[in-house]
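The values are calculated or read from the model by the stated rules, or taken from the named source; none is laboratory data. Treat the numbers as computed from the prediction; the structure is a model and nothing was measured. Virtual Cβ from ideal backbone geometry, glycine too; neighbours counted across all protein chains shown. The protein model used for the area step is the full one, side chains on, heavy atoms only, and it has no ligands, DNA or RNA in it. Shrake-Rupley method; radii C 1.70, N 1.55, O 1.52, S 1.80 Å.
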Amino acid sequence: MKISVFGLGYIGLPTATMFAAHGAEVLGVDVNEYAVSTINQGKIHIIEPDLADLVKSVVAKGSLRASMEAEKADAFLIAVPTPFMGEHEADLSYIKAAVLAFAPVLEKGNIVILESTSPVGATETMLGWLTEKRPDLIFASENSDECDIYVAYCPERVLPGQVMHELIENDRIIGGINKKSAEMARDVYRIFVKGELLVTNARTAEMSKLTENAFRDVNIAFANELSLICDRLNINVWELIKLANHHPRVNILQPGPGVGGHCIAVDPWFIVSKTPDLAKLVNTARLINDGKPEWVKSRVRGAVLSLVKNGRDVKDIRIACLGLTFKPDIDDLRESPSLHITRDLADEFSGQVMSVEPNVTALPHDLEGIGVRLVDLKEAMTADVIVLLVRHKEFRAARPDILPSSQILIDTTGIWTHPQQC
Ligand code: SAJ
């Protein structure tokens, strides 16, 4: 089987590689010239455990190639970004660009599979673009299995950092525009998926992806709200959660500096923007999680103020922010609350903020531009205010026994203030 994967990012590249490692002939297509040339050299442009070796081997074998141009294939998979536009609506323009790129090479019997996280109805919208571009072909429609081109929506549910394992082992939802499309898509994923392949229609599959991430967002919002309540009531929230979780039917997640990444901080909005009058809980959870970085910054301001009250000159106070990525032990800075907190603090306390991030070799340019310095943990531990933002393994291992009374620790993760939770 010849498979074309459009979008060679955090999902597209591992997926393309997995197909190539299981006997398919794969072409990865991307608009990013650097990504294409890096992959064709057998290397990778992102960090994901176990991906580099597999890419090296499938490129050497010739079963994975990358290109900026579409070619004929049996199956076309789309794994491009769907960022926000306007009032938290999904921007489907990358999907449209991919579809228009391969529409000219589509042939009878092909299947088109959308993987990108999308609002309900996006697969039907994509179908509209395809139909317009190729009026000579009959595309899948809800009421008939007779068609030239099959169309399905099949979201991924892999966790960054465990993508290679989860791609194979996770159950997967296969939403066909019609029954035959779902069956064909199921056969495509059967190439490497060991988990169950659960067949439904495209709209339910779209909503299911959004639902899973909204569920997690709501649960994290509960933990984040508890952290604010506990702070006011002088209770250690991590101890509280640990105790409450001993109840056989309670499983509270962990509070943090906010929710980041390109999935949980984004996808619930696609539900809200479609049904704003109904999605009240989902909307509130987003607001609680998005509000947490502001609360962390107010805690830092409070710490600075208390040092000033003790006679320190505000200009001499140094702030160390530990962690920049959106979650532990990865290099991904997308929608990262820690990055936003660090940037805003550096704007406010110019030249006084340093950052420790073991998973990057250089700071993003905008942080450097506002005077943030990338330092090691040893130097950061000499700061006046230490803001622990990410549960990186390096930080867990370096938990200080005791900090001098002149230093203030703001631990948004609990790994230093309540290490038993981990
Ligand atoms: N977080 C907390 N407290 C927690 C758990 C997470 O504050 O107890 C924060 C993290 O620090 C991070 C954010 O939430 O900032 C999201 O991290 P995550 O590990 O929960 O999820 P993602 O975004 O890496 O991956 C999610 C997963 N979805 C679910 O678990 C329902 C993954 O399976 C999806 O494939 C992925 O979104 C996606 O691509 O949609």
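At-a-glance table
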{"item": "Residue in the stretch 265-279 that is among the hydrophobic types (A, V, I, L, M, F, W, C), open to solvent by 70 Å² or more (accessible area, probe 1.4 Å) and at pLDDT 95 or above present", "result": "yes"}
{"item": "Residue in the stretch 128-146 that is in contact (Cβ under 8 Å) with a residue 24 or more places away in the chain, open to solvent by less than 20 Å² (accessible area, probe 1.4 Å), in the same structural domain as VAL29 (by TED's automatic domain parsing) and under 22 Å from ASP30 (Cα atoms) present", "result": "yes"}
{"item": "All positions within the stretch 301-346 that are among the polar types (S, T, N, Q) and open to solvent by 10 Å² or more (accessible area, probe 1.4 Å)", "result": "SER306, ASN310"}
{"item": "Checking ASN213 against (1) touching a helix residue (DSSP H, G or I) at 6+ places or on another chain (Cβ under 6 Å); (2) within 22 Å of VAL296 (Cα to Cα); (3) not basic (Lys, Arg), the condition it does not meet", "result": "(2)"}
{"item": "Meets criteria (of a type in the set (Lys, Arg) and either away from the ligand (no atom under 16 Å from the Cβ) or outside any helix (DSSP H, G or I) (or both)) for LYS242", "result": "no"}
{"item": "Yes/no for SER338 being modelled with pLDDT of 95 or more and touching a Ser or Thr at 6+ places or on another chain (Cβ under 8 Å)", "result": "yes"}
{"item": "Which listed residue, of ALA97, ALA122, ALA101, is within 24 Å of ARG186 (Cβ to Cβ) and either among the small types (Gly, Ala, Ser) or free of Cβ contacts under 8 Å to residues at least 24 places away in the same chain (or both)", "result": "ALA122"}
{"item": "Number of the exception - ASP376 against (1) more than 16 Å from the ligand (Cβ to nearest atom); (2) open to solvent by less than 70 Å² (accessible area, probe 1.4 Å); (3) under 20 Å from ILE317 (Cα atoms)", "result": "(2)"}
{"item": "Test: residue in the stretch 177-196 that is farther than 22 Å from VAL105 by Cα and β-branched (Val, Ile, Thr)", "result": "yes"}
{"item": "Matching residues in the stretch 196-227 - criterion: being open to solvent by 50 Å² or more (accessible area, probe 1.4 Å), over 18 Å from TRP295 (Cβ atoms) and more than 8 Å from the ligand (Cβ to nearest atom)", "result": "GLU196, LEU198, VAL199, ASN201, ARG203, THR204, MET207, THR211"}
{"item": "Any hit, the stretch 242-258, residues being surrounded by fewer than 18 Cβ atoms within 10 Å (Cβ to Cβ), touching a His at 6+ places or on another chain (Cβ under 8 Å), modelled with pLDDT under 95 and of a type in the set (Lys, Arg)", "result": "no"}
{"item": "Boolean, PHE192 is without any contact (Cβ under 8 Å) to a residue 12 or more places away in the chain and within 25 Å of the chain's Cα centre (by Cα)", "result": "no"}
{"item": "Options VAL385, VAL356: the member that is open to solvent by less than 40 Å² (accessible area, probe 1.4 Å), in contact with a His (Cβ under 9 Å, 6 or more places away or on another chain) and more than 30 Å from ASN251 (Cβ to Cβ)", "result": "VAL356"}
{"item": "Inter-residue pairs, beta-carbon under 6 Å, first outside the structural domain of VAL120 (by TED's automatic domain parsing) and in the stretch 153-170, second more than 7 Å from the ligand (Cβ to nearest atom), 6+ apart", "result": "none"}
{"item": "Which listed residue, of VAL266, VAL308, VAL259, is more than 10 Å from the ligand (Cβ to nearest atom) and among the β-branched types (Val, Ile, Thr)", "result": "VAL308"}
{"item": "Whichever residue in the stretch 39-58 is touching a residue at least 24 places away in the same chain (Cβ under 8 Å) and assigned to a helix (DSSP H, G or I) and, among such residues, is surrounded by the most Cβ atoms within 10 Å (Cβ to Cβ)", "result": "VAL55"}
{"item": "Hits in the stretch 98-126 (condition: under 18 Å from CYS154 (Cβ atoms) and either of a type outside the set (A, V, I, L, M) or open to solvent by 20 Å² or more (accessible area, probe 1.4 Å) (or both))", "result": "PHE102, ASN110, GLU115, SER116, THR117, SER118, PRO119, VAL120, GLY121, THR123, GLU124, THR125"}
{"item": "Count of the stretch 177-222 residues which are farther than 18 Å from VAL272 by Cβ, part of a helix (DSSP H, G or I) and not charged (D, E, K, R)", "result": "9"}
